[in-house]
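Structure first, commentary second.
The values are calculated or read from the model by the stated rules, or taken from the named source; none is laboratory data. Only a predicted model underlies this, so the values are computations on that prediction, with no experimental measurement involved. Here Cβ is always computed from backbone atoms with ideal geometry, including for glycine, and neighbour counts include all displayed protein chains. All accessible areas refer to the heavy atoms of the entire protein, side chains included, with ligands and DNA or RNA removed. Shrake-Rupley method; radii C 1.70, N 1.55, O 1.52, S 1.80 Å.
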Amino acid sequence: MTFRWHVMQIGRALSRLFNALTGGEGDTTTSAYVYRLAIYRGRKLGLPGRWWVAGVDWLLCEPGHCRDAYHWHLKRDLFQDDL
């Protein structure tokens, strides 16, 4: 295991913590949650979901990151009924 791997694990843990603190599930990342909000609900924390998706994708410099995270979580059946 490399230093990069450890940094990624810490990032994922922080993402899950932030997600839980803002009303999402503790098992899913913020990226997957905001994409799910954009699809199903549209609004959370006062901004349209697509703004959150664009912001997270921009912050990580990875277009499509939230969509990919959502599908990764969906494939592994990690979502509960939080929406």
Quiz item: Pairs, please: C-beta under 7 Å, at least 6 apart or cross-chain, first residue touching a residue at least 40 places away in the same chain (Cβ under 8 Å) and open to solvent by less than 30 Å² (accessible area, probe 1.4 Å) and in the stretch 47-62, second in a loop (DSSP other than H, G, I, E, B) and of a type in the set (Phe, Trp, Tyr)?
Solution: none
Self-check item: Identity of the residue in the stretch 49-83, of a type in the set (Lys, Arg) and over 14 Å from THR30 (Cα atoms), that ends up modelled with the lowest pLDDT
Solution: ARG76
Quiz item: Do we have any residue at all in the stretch 9-24 that's on the phi > 0 side of the Ramachandran plot and either surrounded by fewer than 19 Cβ atoms within 10 Å (Cβ to Cβ) or at pLDDT 85 or above (or both)?
Solution: yes
